[in-house]
Amino acid sequence: MKTTRRDFIKTTGVGAAAVAGLKISGQTPSDRNRNSEIPPHRAIDLDGLHAYADQISVAAGESIDFHVSSSVPYQMSIVKLGHRIDEIDGDEVIHEFSQSLPLPQSIHPGSYVLISDGIKSGPLEREFSMECWLRPWSFGRLQGILTQYEEPSHCGFGIFCDEEDRLAVYLGQGKEPLEDHWHVGPALVARKWHHVVVTWDGDQVSLWLDAEPVGHWSGPSRFNPGRAVLRLGAYQRNGVADGFLDGDLAQPCIYSKVLSREEIVEHHRSQGLSKPKGETFLACWPLDEEVGDEIRNAGRNALHGRLINRGTWMIGGPSFDGENVDRYKAYDPGRDDRRGNGLRLSSDDLYDCRWRPTHSFPIPDNTRSGIYTARFRFELNGKSQLYDVTFIVRKHKARPKAQVVVLCSTNTWLAYNGTPFAVNDTDNRHWGTNGQKNPASNPPAYNFYRDHHAGQPTYQMGVRMPWPAAGPYVLYSPDEVGYSHLMRAERFTHVWLEENGYSYDVITDWDLHQNPDLLNGYQAMVINGHSEYWSREAYSGVDNYLKQGGNALVLSGNTMFWRVSYDPDGSVVECRKFQPDIGGRGAAVIGEIYHSHDRQRGSLMRHCGLPAWKIIGLECIGWWGTGKKEDFGVYQVTASSHDLFHEPYESDLKDGDKLGMAAGGGLPRAGGHEADVRLSTLAGMNGNIPDGHELASEPSGIETLAAIYRKGQRGLNYYTHWTQASDGIITEMIFWSRPQGGLVFHAGAIGSGWALSEDPQLGMVVKNVLHRFGIQPA
């Protein structure tokens, strides 16, 4: 009897009555110091169960820790996914943990800079000024900009943006807040740089906005900063950091003098490119680090800072117009003397949940490489629930390599992880680009297709977060279609290889990035599913592997499209995407697509000097709907005389025959969603080529075996403009003997592995490809 996921959660659950205490299998979880602890911070509590592993990839013989937050009892097990893609009873339970009690763990989103100390408590002299550049992203609540202010008992001073979009200033006595010490200025304009100066001379508080005086008020005769610490982009309320700024900051400064009109005008004119001089500035933070969490004070004291929850670097300062950077011409941000520096802060920034580990599991030495999950069963609001945490097991270091290594497109799984804290739902199988329902607490919900709450473009994502989008049963279509493009999509190829006797190891995008040479020793590599996001290192690793005589079986579409980079430990992935109609972020500008990790250009691989066609012969042509059968096409054979249709397995295919579908032309069908074609096909779609550019010539040796046609279909040309597809071609299947070394078979479609599971003729072709690569089934 088949048991589907839906059947399973109806008939299983965890009752509170039988729950024992929290049990941990194997070793005690190591308390790995993940980005260190943060000071007290506004918390968001989560209902239900949410979890993640401390690493996406683990080798057999190593241990993996799991971090669980649950408001209900649960049962956890370690599972090796079986051959029946959507049938839970076909999965192999490796280990069953004891039942666990609830253990909720909060999240703490919001980025800001914590200064190691504050301006010394005690009455100040009769001169004091604060200055900064600010580009706000949203309004509607009180946000700290430059503050030494902790409600309710240490309220010293601060610049704020109030609930009505206005600048607000507070100069107090370092004790409880005093209403008459608040002063309100004019409204700010969103997404526009403003120069803000506040001065106090012992008698009067003055506010300047963009070099114009906009407020004068009788000030306190005595002013005491109090014992609070300094913060940039937040203030403290009720013992925790709160009031997080949604905005960009540049060159915040504090002076022990009153800035004159002439100085204010000059500072405004310099647009943050000139740093203060002399002995009268107490602190100045140039924010020119552009990477990391250490913030340097250029002043004479030790008021250095620590960036909490990361923020976003490499946005430029007030002097920089990122829209004027040419998309197609060379640009070096390090050589642009008008770029300046700034730091973007977001109230929902979160890249590491920092949950303590709750379970640990030592992976047995003899564990087969493959896709595994930590599976959680629990009841919530009277309904049985199932929740999976996906991870990959690599081969044991002492075990010989298999003939084939399969690359899991984990960068793409992460890129689509739009709602990591989605509501637990018995029907959470349908996971669109924007994720699912979020709790009422409105936790972070951004991904590489969805902006931050206040509209800041998403340029980075954290790995130490739940990623339910990578679950084993997640669809990207209605049930009747059954299409997926993330983890589930890749399983079809894995199962086909196993059922046909081909041994393989599994690695992740991160594994390939940090050790590109690990491909050496494999007879072939498989690029599988929706392999869209690539690092420079992984790209070069595949090229070098092929140059040394390696072979690549590419069952992917939209392949090698966006460039990513990583933190040194792989905990954060950076990707800066431009152009909204191809998946870029709406507020992204060309000047901001340069990565903080390496200062190199980001966005499209082809515009970073890393085009897919140079390595694997095809480039992305676009994407289409997945809602119905008709959205998916099938290959039409164009070169049936090629030996890959006949040797050693006879496919009986002739020119014009259809390929890549279930019996009778049904689903699954290979062509749909996103696909790749030859450079020569894209050349027929190019209109005006940007100045100074010339479309490269296609390399020799590429043979088209089959193609998918759709009359009237629009696609992307090489410069990512939507136009009519050349001759209606939307997918091409090729075989390429690369002049620089290596053999490549590229099916050009995300759904090719899906179709492989049902089409024996496509199976014959793939077997012939593997035979050509020197690989025989066991």
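The values are calculated or read from the model by the stated rules, or taken from the named source; none is laboratory data. Because the structure is a prediction, the values reported are computed rather than measured. All Cβ positions, even for glycine, are placed from backbone atoms using ideal geometry, and neighbour counts span all protein chains on display. Side chains are part of the model used for accessible areas, which takes the heavy atoms of the whole protein and leaves out ligands, DNA and RNA. Shrake-Rupley method; radii C 1.70, N 1.55, O 1.52, S 1.80 Å.
Couple of notes before you dig in:
- Sequence-distant lysines (8 or more away, or on other chains) whose Cα lies within less than 24 Å of LYS547: LYS401, LYS614, LYS767
- One Cα centroid belongs to segment 457-493, the other to segment 520-584; the line between them spans 17 Å.
- Global form of segment 187-238, assessed from the alpha-carbon gyration tensor, a/c cut-off 1.5: oblate
- Listed as lacking a disulfide-compatible partner in the chain: CYS132, CYS155, CYS161, CYS353, CYS408, CYS575, CYS608, CYS620, by the criterion of no other cysteine Cβ under 4.7 Å.
- Carbon + sulfur, % of accessible area of segment 484-563 - ligands and nucleic acids excluded, 1.4 Å: 38
- Heavy-atom surface analysis with a 1.4 Å probe gives segment 596-645 a carbon and sulfur content of 44 percent of its accessible area.
- Seen from PRO152, the other residues with C-beta closer than 10 Å to its C-beta sum to a net charge of -1, counting Lys and Arg as +1 and Asp and Glu as -1.
- About the centre of its Cα atoms, segment 585-704 shows a dipole size close to 520 debye [charges on the beta carbon of Lys, Arg (+1) and Asp, Glu (-1) only; nearest 20 debye].
- For the chain, calculated [θ]222 nm from helices alone, where every DSSP H run of n ≥ 4 adds -39500 (n - 2.57): -3000 deg cm²/dmol
- Options (1) 30.2; (2) 37.0; (3) 28.1 - which one matches Kirkwood radius over Cα pairs in Å as calculated here: (3)
- Area accessible to solvent at MET461, 1.4 Å probe radius, in Å²: 10
- Less than 5 angstrom separates the built amide H of HIS41 from those of ALA241, all sequence-distant by 5 or more or on a different chain.
- Taking every protein chain into account, the 1.4 Å probe leaves MET76 with about 0 Å² of accessible area, to the nearest ten.
- The chain: relative contact order as a whole-number percent, Cα under 8 Å and 6+ apart: 12
- The chain: angle of helix 261-270 to the longest principal axis, Cα-based, in degrees nearest 10: 10
- Whole-Å distance, taken between Cα centres, linking segment 695-740 and segment 179-197: 54
- Ranked order, SER697, SER347 - accessible area, probe 1.4 Å, largest first: SER697, SER347
- Across segment 333-343, computed HN-Hα scalar couplings (Karplus, 6.51 cos²θ - 1.76 cosθ + 1.60, θ = phi - 60°) run x, x, 9, 8, 6, 10, 6, x, 9, x, 9 Hz from first to last residue, x flagging Gly and Pro.
- Per residue solvent-accessible surface (Å²) - the chain, probe of 1.4 Å: 36
- Anisotropy class of segment 306-455 from Cα gyration tensor, a/c 1.5 cut: oblate
- Modelled spin labels at ARG296 and ARG126, positioned 7 Å past Cα toward Cβ, are 3.8 nm from each other.
- Karplus 3J(HN,Hα) series, Hz, for segment 758-769 with 6.51 cos²θ - 1.76 cosθ + 1.60 (x for Gly, Pro): 10, 10, x, 5, 5, x, 4, 4, 5, 4, 5, 4
- Karplus-based coupling profile of segment 69-81, in residue order and whole Hz: 10, 8, 8, 9, x, 8, 10, 10, 9, 9, 10, 9, 5, with θ = phi - 60° in 6.51 cos²θ - 1.76 cosθ + 1.60 and x standing for Gly or Pro.
- Counting 0.36 nm for each residue step from GLU62 to ASP365 and taking away their Cα separation leaves a gain of 108.3 nm.
- Per-residue extension of 0.36 nm, minus the Cα-Cα distance of VAL240 and ASN686, leaves a gain of 155.0 nm for this segment.
- Shape of segment 708-750, Cα gyration tensor, a/c cut at 1.5: prolate
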